[in-house]
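Trainee: Take this structure, written in structure tokens, and hold onto it; I'll ask about it next.
The values are calculated or read from the model by the stated rules, or taken from the named source; none is laboratory data. In this text, all values refer to a predicted model and were calculated from it rather than measured experimentally. Reconstructed Cβ throughout: ideal geometry from the backbone, glycine too, with neighbour counts over all protein chains shown.
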Amino acid sequence: MKKAIILLAIIIQSCNNKAAKKHVISSNTEQEKSNSVNKEIADLPLQIDSITSQILIHPIISISANSKNYLNRSSYKNDNITNDRIIHHNDVITGNIVNLKFQAINSNKLISLSSKDILINSITFLRDTYKKTTKEILLYSVIDTDTNNDKQINQKDQSTLYISYIDGSYFKRISITNKDIIHHYKFTLDNQKLYFNTLVNTNKDNTLNTQDSIYYGYIDLLSNNLNIIPYTPI
């Protein structure tokens with residue numbers, strides 16, 4: 001009788017072990033599937049030329065893990081196109097960018113731009129502002145909000161603006177309430193201020209109407225931390 005009980009216990013334990021192993025394998029498989037959808041990789045660093053600061057900008061891009069472009073990546077070409085996702089032309093960088101890392105030319109340290117889930121459509125160096133003020137500033141077109149309520153942040157959502165210095169410091173959203181999306185913006189003639197208005201799309205129809213809220217502000221580009229100052233013109 002004792003032998004039967006012992007044998008039964010061994011069989012039960014063996015079944016439990018097999019079930020546990022099966023569960024672990026299933027979990028790993030699901031994780032592998034998840035990881036195979038997109039992959040983040042770093043492109044080779046870019047530099048903004050003819051300025052004082054020597055900063056390398058490393059674009060972090062998101063690609064499909066099954067993409068042929070992931071296996072057939074090209075190096076720099078004469079037209080400054082690194083691949084079909086990152087283009088550096090004049091003072092504008094465009095591509096399928098999810099983050100940036102900044103590195104001083106004389107340092108091995110890399111500093112991330114953001115820890116948020118964002119898509120960066122473009123980065124523009126404000127050349128005119130640099131010429132008139134010597135301030136080295138980047139302006140970003142960023143998608144950071146699910147504006148069409150499909151529970152995803154992707155290219156179907158509206159973009160807004162961010163700003164930072166050339167080394168990524170003081171990276172901030174150009175907004176008043178953090179829920180508003182950029183509507184219009186313009187620089188003063190002396191390039192010392194950037195005026196803007198933003199929209200809170202209250203009824204989620206992605207169009208400007210009387211039900212929406214509009215906010216006004218400007219950025220003092222000469223300030224030490226790119227201050228955003230709200231104002232009320234009406």
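Trainee: Looking at region 198-213, is at least one residue assigned to a helix (DSSP H, G or I), touching an Asp or Glu at 6+ places or on another chain (Cβ under 8 Å) and modelled with pLDDT of 90 or more?
Mentor: Checked against the condition, which is being assigned to a helix (DSSP H, G or I), touching an Asp or Glu at 6+ places or on another chain (Cβ under 8 Å) and modelled with pLDDT of 90 or more, region 198-213 yields no hits at all.
Trainee: Among what's in region 62-104 and is farther than 27 Å from Phe171 by Cα and touching a helix residue (DSSP H, G or I) at 6+ places or on another chain (Cβ under 9 Å), pick the residue that is modelled with the highest pLDDT.
Mentor: Within region 62-104, the match that is modelled with the highest pLDDT is Ser64.
Trainee: Follow-up. Here are the criteria: (1) of a type outside the set (A, V, I, L, M, F, W, C); (2) over 14 Å from Glu136 (Cα atoms); (3) touching a residue at least 60 places away in the same chain (Cβ under 8 Å). Tell me which single one Ser164 does not satisfy.
Mentor: Going through the list (1) of a type outside the set (A, V, I, L, M, F, W, C); (2) over 14 Å from Glu136 (Cα atoms); (3) touching a residue at least 60 places away in the same chain (Cβ under 8 Å), Ser164 breaks only (2).
Trainee: Out of region 223-234, which residues are part of a loop (DSSP other than H, G, I, E, B) and either loosely packed, with under 12 Cβ neighbours inside 10 Å or modelled with pLDDT under 95 (or both)?
Mentor: Result: Ser223, Asn224, Asn225, Asn227, Thr232, Pro233, Ile234.
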